[in-house]
2 protein chains.
Amino acid sequence: MKILLTNDDGIYADGLCGLYFTLSEEHEVYIVAPEVERSAVGHAITIHYPLRVREVRRGKYFWGYAVSGTPADCVKLAIYELIGPVDLVISGINRGANVGINVLYSGTVSAATEAKILGYNGIAVSIDAYENIDYCFTAYFLGKLVKKLNNLSLLRPFCLNVNIPHLNPHQIKGVKFVRQSTAKLREFFEKRLDLHGKIYYWQGAEEHTETDEETDVVALKQGFITITPIQYDLTSYSGLTSLNSQKISIDI
Amino acid sequence: MKILLTNDDGIYADGLCGLYFTLSEEHEVYIVAPEVERSAVGHAITIHYPLRVREVRRGKYFWGYAVSGTPADCVKLAIYELIGPVDLVISGINRGANVGINVLYSGTVSAATEAKILGYNGIAVSIDAYENIDYCFTAYFLGKLVKKLNNLSLLRPFCLNVNIPHLNPHQIKGVKFVRQSTAKLREFFEKRLDLHGKIYYWQGAEEHTETDEETDVVALKQGFITITPIQYDLTSYSGLTSLNSQKISIDI
């Protein structure tokens, strides 16, 4: 398969590296990734600045293209200009889970969603840890998942959001297909003073408030690998039905 | 009503101003908006940098808070720290329509979505023009819409994405409740050389390819004001059903 790798942690991130070495054993793998970390950029694209592309080498080997934009920019530019059509776009391995409401803020997931928008299959993969991360098992699992994709009867193009618990592989309970949790995050701002006595804020979030076991948030916490198929129609159909049933006229 | 205004064109934008003067005649209106233009930021939030807040005055009057972040940051910071709970968050008036796939890239819509996530009602409003824009009618229409909201039986919190055609009011055909189009954009990258002979790219998009009249893209083009209720569950339920029916086991 011809696979495009990208991420939101930047082209030098370990997670991307782990994925590359595992997948390139059996596939034709290309890297187009942000030149710097672009976490929590959501589905941002760069339209008010030009995009720059730089060829990155590791030792004497060509490694990939570093782009001065977001993960979604990388996918578009890769497919339209740098690489051409691919069989699959994989975004990750992200440091930190992308489950629940956080999916909306995620640059990692937005790259896989962008693939689907453009008509290509996409997978976003994240690991539920920020420190002392072992990417080996995740890369190995992705390799196996990619092999199984051809046997899956899924509407194509598909987009899958995969999250891996940070456990020893034998402690992982299995794979669970679940919905994205929409439960609120417990968020806060921490107000601090800089060296000149001026206020600034750090934005943070604590635990999800979700309790439903059939969601990505809870299943991941319980030790399952979670897979959520992603779509990009933000219409609230229940809201639409309700509005249309009310025959509202607004005088102009 | 207590109304929070924000946008993605920045705190000095004319569209925000027009909305403020119309709504403040009858409501308690607060402004918390990005200090600079933050278009196409998607649902980005700022977690790797601290946020700064600056009080902005117009003449001798307090105008609002300028935030060094995205529209979604503004809504969170306003509700958690600067303003407190509100009855309604309005994001706009944006220069340029936010319909179809562009809804995913829109900072304007993400602010209204963020309101809903936090448990507050939100409206995003955009006008289908980039030049010689008359914001008066749009502000007037929003004022009327806000008054009618109490009569609407809508699940709360609601989030409405409103788009206004750039026509003389008497040419507008009415108000239509429609779904978000998911049809592809015709996109392109324009490759140019800088003064040093180095390549850079501009990202652009042409027309939507949508043809269904029951979508935001087509209804707006036909001269209707479009209203699309927005939700933020990205799960593909058809994909989920399909995956679950296949009892896939992936050996770990």
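General observations
- Filtering segment B:233-248 to residues that are buried (at least 18 other Cβ atoms within 10 Å of the Cβ) and part of a loop (DSSP other than H, G, I, E, B) leaves B:Leu234, B:Ser236.
- The helices (runs of 4 or more DSSP H) found wholly in segment A:97-186 and carrying at least 2 residues that are in contact with an Asp or Glu (Cβ under 6 Å, 6 or more places away or on another chain) occupy A:107-118.
- Residue in segment B:5-14 that is among the polar types (S, T, N, Q), away from every other protein chain (no Cβ under 14 Å), crowded, with 22+ Cβ neighbours inside 10 Å and under 17 Å from B:Leu142 (Cβ atoms) present: yes
- Test: residue in segment B:38-52 that is of a type in the set (Lys, Arg), free of Cβ contacts under 8 Å to residues at least 24 places away in the same chain and within 9 Å of chain A (Cβ to nearest Cβ): yes
- Looking across segment B:48-74 at every residue that is touching a Lys or Arg at 6+ places or on another chain (Cβ under 9 Å) and surrounded by fewer than 22 Cβ atoms within 10 Å (Cβ to Cβ), the one that is farthest from B:Val29 (Cα to Cα) is identified as B:Pro50.
- Selection from segment B:69-94 of residues that are farther than 19 Å from B:Asp14 by Cα, in contact with an Asp or Glu (Cβ under 8 Å, 6 or more places away or on another chain) and of a type outside the set (Val, Ile, Thr): B:Ala72, B:Lys76, B:Tyr80
- Any chance A:Glu114 is surrounded by fewer than 20 Cβ atoms within 10 Å (Cβ to Cβ) and among the acidic types (Asp, Glu): no
Listed here are the residues, each with its yes/no results for (1) at the interface with chain A (Cβ under 8 Å from one of its Cβ atoms); (2) touching a residue at least 12 places away in the same chain (Cβ under 8 Å); (3) surrounded by fewer than 21 Cβ atoms within 10 Å (Cβ to Cβ).
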{"residue": "B:Lys184", "(1), (2), (3)": "yes, yes, yes"}
{"residue": "B:Tyr200", "(1), (2), (3)": "yes, no, yes"}
{"residue": "B:His208", "(1), (2), (3)": "no, yes, no"}
{"residue": "B:Val217", "(1), (2), (3)": "no, yes, no"}
{"residue": "B:Phe224", "(1), (2), (3)": "no, yes, no"}
{"residue": "B:Gln231", "(1), (2), (3)": "yes, yes, yes"}
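- Residue within segment A:80-98 that is crowded, with 24+ Cβ neighbours inside 10 Å and within 11 Å of chain B (Cβ to nearest Cβ) present: yes
Yes/no per residue for (1) closer than 28 Å to B:Lys147 by Cβ; (2) acidic (Asp, Glu); (3) assigned to a strand (DSSP E or B); (4) over 20 Å from the mean Cα position of the chain (by Cα):
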{"site": "B:Gly15", "(1), (2), (3), (4)": "yes, no, no, no"}
{"site": "B:Tyr20", "(1), (2), (3), (4)": "yes, no, no, no"}
{"site": "B:Tyr30", "(1), (2), (3), (4)": "yes, no, yes, no"}
{"site": "B:Tyr49", "(1), (2), (3), (4)": "no, no, no, yes"}
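- Conditions (1) in contact with a Ser or Thr (Cβ under 7 Å, 6 or more places away or on another chain); (2) at positive phi: number failed by B:Gly174: (1)
- When B:Val29 is tested against (1) within 12 Å of another protein chain (Cβ to nearest Cβ); (2) modelled with pLDDT of 95 or more, only condition (1) is not met.
- Restricting the first member to segment A:135-157 and to residues that are more than 10 Å from chain B (Cβ to nearest Cβ), and the second to residues that are among the acidic types (Asp, Glu), the beta-carbon pairs closer than 8 Å and six or more apart or on different chains are A:Tyr135/A:Asp14; A:Gly143/A:Glu25; A:Gly143/A:Glu26.
- Qualifying residue in segment B:174-181 (condition: more than 26 Å from A:Ile45 (Cα to Cα) and more than 10 Å from chain A (Cβ to nearest Cβ)): no
The values are calculated or read from the model by the stated rules, or taken from the named source; none is laboratory data. Model, not experiment: these values are computed from the prediction. Reconstructed Cβ throughout: ideal geometry from the backbone, glycine too, with neighbour counts over all protein chains shown.
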